[in-house]
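Read the structure below first, then the notes.
The values are calculated or read from the model by the stated rules, or taken from the named source; none is laboratory data. For clarity, every value in this text was computed on a predicted model and none was experimentally measured. Virtual Cβ from ideal backbone geometry, glycine too; neighbours counted across all protein chains shown.
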Amino acid sequence: MRKIVLALVLTGLSLASCPVFANDVVKVASAQKGFWDTTILLYGERAGLFKAQGLDLEITWTNGGAETEQAVISGSVDIAAANGILGAIAAHAKGAPVRIIAAESTGVTDLFWYARGDSGLKSFGDLDGKTVGFSSPGSSSNMVALALIAQAHVSAKPVATGGAPGTLTQVMSGQIDVGWAVPPLHFDLIDQGKIRIIGRGSDIAEMRDQTVRVFETNTTTLAAHRDILIRFFRAYQKTLDWAYREPEALVQFAADNKVSLEQAHRARDEFYPQSALALAPISNLDLTVKQAIELKRLSAPLTAEQVRELIDIVYDPRTDK
């Protein structure tokens with residue numbers, strides 16, 4: 001009996017001395033909390049899908065553009081999520097140690113622009129001499145706003161207005177004429193006729209297969225923690241599949257945005273097809289480079305070597321068997 005007790009005690013001591021491995025912490029800067037595509041990260045964390053890959057996320061929410069870009073350049077975060085590809089290209093061309101490691105959004109199905117219902121503005125063709133909001137320089141909303149203005153052949157003035165909620169305040173108070181947003185924001189105001197959608201990113205035919213937002217990292221993180229990045233995107237892909245399959249993601253989306261479940265469904269199904277959120281490939285880069293040159297973010301086209309250096313897809317779900 002004494003031998004049995006001693007054996008159990010020794011076994012317990014042995015187990016207690018085994019190391020307990022903590023999850024790897026991944027710091028992420030993500031643009032615009034509350035949007036369906038950007039907040040998928042949070043839903044995956046809540047559902048334990050990142051923990052299943054041995055990861056804990058620390059998410060910092062930004063207004064996108066330069067704010068997100070600087071966070072990853074400085075190394076204060078490991079990954080910049082949902083950042084405009086224009087900013088990534090411009091930063092790389094200036095020698096910043098950034099790399100595009102996945103697509104985040106291809107096509108511009110989500111972004112829309114609106115005016116007050118009593119403004120008389122019905123399309124971008126009415127915007128000569130008017131002001132048009134976008135989030136921040138280098139963001140996808142910056143790129144799309146400029147494309148919509150150019151397509152309408154008007155002399156509207158683009159204005160950086162920050163986040164979508166603050167942009168609404170500026171529109172309703174008359175500080176700017178046209179604001180930007182993504183669903184389900186402002187669905188109630190649209191249905192009440194207080195604001196009117198006058199343009200959508202999907203109106204620009206040439207951008208429908210263009211990757212407009214990406215995931216980025218810096219060269220130090222890429223070299224030292226490639227395995228962690230692979231696990232991150234494997235978990236992210238599982239989160240995408242879960243979010244389009246299980247109703248719980250939409251329940252959270254509706255609650256976070258204080259909208260009805262019907263409005264949450266409408267936002268996801270009409271504005272966010274899952275195919276638009278594929279992690280690979282980076283599509284229509286030639287158009288992006290052309291836009292960057294036109295906007296004076298680049299002085300010359302990227303060389304083949306620069307493209308190879310800039311884009312390093314660490315995980316492609318199409319080849320993950």
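Is it fair to say VAL178 is under 30 Å from GLY95 (Cα atoms) and at pLDDT 95 or above?
no
Could you figure out which of (1) in the same structural domain as ARG308 (by TED's automatic domain parsing); (2) within 30 Å of ARG234 (Cα to Cα) isn't true of LYS94?
In the conditions (1) in the same structural domain as ARG308 (by TED's automatic domain parsing); (2) within 30 Å of ARG234 (Cα to Cα), LYS94 misses (2) alone.
Out of the residues in segment 199-213 meeting the condition of being surrounded by 23 or more Cβ atoms within 10 Å (Cβ to Cβ) and under 19 Å from HIS153 (Cα atoms), tell me which one is modelled with the highest pLDDT.
My answer is GLY199.
For the subset of segment 189-244 comprising residues that are assigned to a strand (DSSP E or B) and among the polar types (S, T, N, Q), which member is nearest to SER283 (Cα to Cα)?
THR211
Restricting the search to segment 284-319, which residues are closer than 22 Å to ALA243 by Cβ and in a loop (DSSP other than H, G, I, E, B)?
The answer is ILE313, VAL314, TYR315, ASP316.
I'm trying to understand the selection: among the residues of segment 167-201, which are more than 15 Å from VAL132 (Cβ to Cβ), within 20 Å of the chain's Cα centre (by Cα) and not aliphatic (A, V, I, L, M)?
Result: PRO183, PRO184, HIS186.
Any idea how many residues of segment 74-116 are surrounded by 24 or more Cβ atoms within 10 Å (Cβ to Cβ), among the hydrophobic types (A, V, I, L, M, F, W, C) and not in a strand (DSSP E or B)?
The qualifying residues number 7.
Checking the structure you have, find out if any residue of segment 257-265 is on the phi > 0 side of the Ramachandran plot, in the same structural domain as GLY54 (by TED's automatic domain parsing) and loosely packed, with under 15 Cβ neighbours inside 10 Å.
Yes, there is a match, as at least one residue in segment 257-265 is on the phi > 0 side of the Ramachandran plot, in the same structural domain as GLY54 (by TED's automatic domain parsing) and loosely packed, with under 15 Cβ neighbours inside 10 Å.
Can you pull out every residue in segment 58-67 that is touching a helix residue (DSSP H, G or I) at 6+ places or on another chain (Cβ under 8 Å) and either farther than 26 Å from VAL259 by Cβ or buried (at least 22 other Cβ atoms within 10 Å of the Cβ) (or both)?
THR62, GLY64, GLY65, ALA66
How many of the residues making up segment 207-237 are touching a residue at least 40 places away in the same chain (Cβ under 8 Å), over 23 Å from GLY64 (Cα atoms) and more than 20 Å from the chain's Cα centre (by Cα)?
2
Would you call VAL98 among the hydrophobic types (A, V, I, L, M, F, W, C) and within 29 Å of TYR244 (Cβ to Cβ)?
No, not satisfied.
In the set GLY138, GLY179, GLY133, which member is free of Cβ contacts under 8 Å to residues at least 60 places away in the same chain, crowded, with 18+ Cβ neighbours inside 10 Å and not in a helix (DSSP H, G or I)?
One residue alone meets the criteria, GLY133.
If you check GLY84, GLY120, which single one turns out to be at pLDDT below 95 and of a type outside the set (A, V, I, L, M)?
On inspection, the qualifying residue turns out to be GLY84.
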